[in-house]
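Values quoted throughout were computed directly from the atomic coordinates according to the rules given, and no laboratory measurement underlies them. Since we're looking at a predicted model, the values are computed, not measured. When we count neighbours, we look across all protein chains shown, and the Cβ atoms used for this are built from the backbone with ideal geometry, even at glycine.
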């Protein structure tokens, strides 16, 4: 596989990978589609700082001018935070963004792909996509789930976004052999809240045990990712009834407006932010910081096992 014409790995990230040092991948959709400037850039840089503080090297991932970039510079993050017409890039979009030399912000699925191409095994994000409510009729299922079924990257997240059908999302992951691990929890967190009413496959209480399980999985060629579900810190958790009322209202409005596919998640998250007077965005930022800490700790332990 000749990646040279397509893939550019930042100098610091390339050196860390070559030396077997811990690296944590980060998506860029949160920068270009997740929040306004300058908060998006400030958050992205703070996530990188937290990863460094916990002993790993951050690798923010995006597509710039048709080049797959693993490890953005602060200047590139600033550019992405201000740029207009950045494509929300999933698996199907990558070849066309390259061919047209466009800018693309990577989703969970495409971040996993680019991380795996570069040799990065740990990825921190907010929450994974999944099976949308009403998917029995719409078949609206995130590409994140198929990527988790096939790509050898562990995704540290605050569970599945609570705008989704969490039960069906877990069924889909089980069918595809993707382990859902609760980090210091027996219950799957639901993004804004620590509880969802659904259990996890395994509870693991320390980063070393997760790293050992990941090494065993991939050593045995049991291909595919792992969901490491890390609950939002209690201090930033939203009230369960309040957030679910907001989500139900947002879902109803999306249905009324005929919003589907890749447009649905940004619409729903923006609507929930509006309904909750911005408190959902504050919670979102804090859970991403928390996931970055845990991901860095797992990456450090995994690097020690090689």
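Could you say whether any residue in region 59-71 is loosely packed, with under 15 Cβ neighbours inside 10 Å and in contact with a helix residue (DSSP H, G or I) (Cβ under 9 Å, 6 or more places away or on another chain)?
No: region 59-71 contains no residue that is loosely packed, with under 15 Cβ neighbours inside 10 Å and in contact with a helix residue (DSSP H, G or I) (Cβ under 9 Å, 6 or more places away or on another chain).
Could you list all residues from region 59-97 that are touching a strand residue (DSSP E or B) at 6+ places or on another chain (Cβ under 7 Å) and closer than 12 Å to residue 9 by Cα?
Matches in region 59-97: 59, 60, 61, 62, 63, 67, 68, 69, 70, 71, 72.
Could you grab me the full set of residues in region 291-300 that are out of contact with any strand residue (DSSP E or B) (no Cβ under 9 Å at 6 or more places or on another chain) and crowded, with 21+ Cβ neighbours inside 10 Å?
297
In region 210-259, which residue that is in contact (Cβ under 8 Å) with a residue 60 or more places away in the chain and assigned to a loop (DSSP other than H, G, I, E, B) is nearest to residue 293 (Cα to Cα)?
230
Where residues in region 195-212 are more than 17 Å from residue 169 (Cα to Cα) and out of contact with any strand residue (DSSP E or B) (no Cβ under 7 Å at 6 or more places or on another chain), which of them is surrounded by the fewest Cβ atoms within 10 Å (Cβ to Cβ)?
Among residues in region 195-212 that are more than 17 Å from residue 169 (Cα to Cα) and out of contact with any strand residue (DSSP E or B) (no Cβ under 7 Å at 6 or more places or on another chain), the one surrounded by the fewest Cβ atoms within 10 Å (Cβ to Cβ) is 205.
Would you say residue 88 is touching a residue at least 12 places away in the same chain (Cβ under 8 Å), closer than 27 Å to residue 214 by Cβ and under 17 Å from the mean Cα position of the chain (by Cα)?
So residue 88 does not fit the description; no.
Looking at this structure, is residue 89 under 17 Å from residue 296 (Cα atoms), crowded, with 18+ Cβ neighbours inside 10 Å and touching a helix residue (DSSP H, G or I) at 6+ places or on another chain (Cβ under 6 Å)?
no
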